[in-house]
Amino acid sequence: MTHRPAGTATLTVTIFIYPGVRLMSVTGPVDVFAAANEFGAHYRLRMVSADGAEVTTSSGTRLSADMSVDDVQDAGDILIVPGGPEWDTLIKDDELLETVRKLDGTADRTASVCTGAFLLAAAGLLDGRRAATHWRHVRQLALRFPGVHVEPDAIFVQDGRIMTSAGASAGIDLSLALVEEHYGAEVARAVAKEMVVFMQRPGGQSQFSVRARASHPRQEMLRRVLDAVAENPDDNHTLAAMARRAGVSARHMTRLFSEEIGTTPARYVEQVRLEAAQALLESGDDPMAVVARRTGFGSAESLRRAFVRNLGVTPGTFRASFRTTGAEEDVPAPA
């Protein structure tokens with residue numbers, strides 16, 4: 001990666017906006033780069049729409065464009081392709097996809113936010129690449145575009161000159177990473193503190209509701225099993241116990257999890273317990289042994305191993321990310 005210290009040439013960021021775009025997918029990156037300019041960075045931000053006209057976002061807010069796509073001779077250092085809730089319709093819009101290809105062809109770096117990854121994929125820009133998108137849509141991205149290597153738990157992914165991020169707020173994480181690349185960790189850290197966000201979030205999309213990520217099972221019996229695990233993670237949720245409560249064989253239960261949830265029973269239980277432990281660590285001061293017991297891990301050591309294996313941080317480090325020890329404390333920097 002090229003490191004550009006403050007004081008060098010201006011870097012151009014082009015944000016492609018279109019009708020139905022999600023507002024935060026646009027404003028998150030814009031606010032990061034604009035804030036970076038307050039700390040010595042030199043970013044030039046410009047909004048580009050297909051015809052240069054303003055667009056109406058999915059929330060009804062109108063955004064003005066600085067120019068049309070035809071006026072763009074060079075998309076510059078960074079092209080941002082934000083997402084929108086109507087991605088299923090957008091990926092069928094050949095004119096829109098051709099616009100994305102055209103802008104990408106003149107950009108040094110292209111980055112998508114949230115479901116903007118679907119536009120990149122439909123435009124053929126993610127073929128053979130690793131990518132991220134909103135946790136609710138990772139399975140659809142993988143199914144519709146089998147040539148894309150989807151990383152379901154990543155906040156953002158960089159593969160060559162293409163970057164993709166998860167939900168709309170993950171566009172902030174991605175933009176901070178670019179600021180650090182261009183101007184160094186101190187500038188990025190200052191922006192993170194100014195915006196009161198993490199320099200680097202602990203964990204990944206695994207922080208988001210496990211029960212919500214599970215598709216709505218067709219089997220009422222399986223729905224009851226999933227709900228029971230989510231409601232009481234400290235109960236006995238071995239495969240045998242779940243199968244017995246549901247009145248099916250362990251083999252049948254395993255098959256249902258595989259077909260409808262896309263994971264194993266043990267993995268699902270661990271993820272629910274991990275999520276419950278995260279909630280306790282964020283909001284309370286219980287000793288690790290108590291957190292482990294209340295969330296079904298049994299011991300502090302089992303809890304620690306699960307955190308390191310799934311999130312790459314210890315429970316103590318995770319808890320510290322949600323604490324402040326003084327007014328001058330830094331936002332955690334990347335490892």
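Summary table
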read-out: Unmet requirement for Ile91, which otherwise passes all of (1) in contact (Cβ under 8 Å) with a residue 60 or more places away in the chain; (2) of a type in the set (A, V, I, L, M); (3) under 19 Å from His149 (Cβ atoms); value: (1)
read-out: Any chance Glu151 is at pLDDT below 90, over 16 Å from the mean Cα position of the chain (by Cα) and outside the structural domain of Glu275 (by TED's automatic domain parsing); value: no
read-out: Residue pairs meeting the criteria (Cβ under 8 Å; at least 6 apart or on separate chains; first closer than 13 Å to Phe257 by Cα, in the range 215-241; second surrounded by fewer than 13 Cβ atoms within 10 Å (Cβ to Cβ) and at pLDDT 90 or above); value: Met221/Gly247
read-out: Scope the range 14-73; condition of a type in the set (A, V, I, L, M, F, W, C), assigned to a loop (DSSP other than H, G, I, E, B) and either within 17 Å of Ala170 (Cα to Cα) or outside the structural domain of Ile91 (by TED's automatic domain parsing) (or both); matching residues; value: Val21
read-out: Filter pass, Thr115 being closer than 29 Å to Met195 by Cα, among the hydroxyl-bearing types (Ser, Thr, Tyr) and in contact with a Pro (Cβ under 8 Å, 6 or more places away or on another chain); value: yes
read-out: Count of the range 238-265 residues which are closer than 13 Å to Ala228 by Cα, among the β-branched types (Val, Ile, Thr) and surrounded by 15 or more Cβ atoms within 10 Å (Cβ to Cβ); value: 0
read-out: Scan of the range 98-119 for residues that are hydrophobic (A, V, I, L, M, F, W, C) and in contact with a helix residue (DSSP H, G or I) (Cβ under 7 Å, 6 or more places away or on another chain), ordered by number; value: Val100, Leu103, Ala111, Val113, Cys114, Ala117, Phe118, Leu119
read-out: Residue ID - surrounded by the most Cβ atoms within 10 Å (Cβ to Cβ), chosen from residues in the range 164-174 that are out of contact with any Phe, Trp or Tyr (no Cβ under 6 Å at 6 or more places or on another chain) and under 17 Å from Tyr43 (Cβ atoms); value: Gly171
read-out: Yes/no for Gly40 being under 27 Å from Glu180 (Cα atoms) and either buried (at least 16 other Cβ atoms within 10 Å of the Cβ) or in contact with a Cys (Cβ under 9 Å, 6 or more places away or on another chain) (or both); value: no
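The values are calculated or read from the model by the stated rules, or taken from the named source; none is laboratory data. Note that the coordinates shown come from a computational prediction; the quantities given were computed from them, not determined experimentally. Positions of Cβ are backbone-derived with ideal geometry, glycine not excepted, and every protein chain shown enters the neighbour counts.
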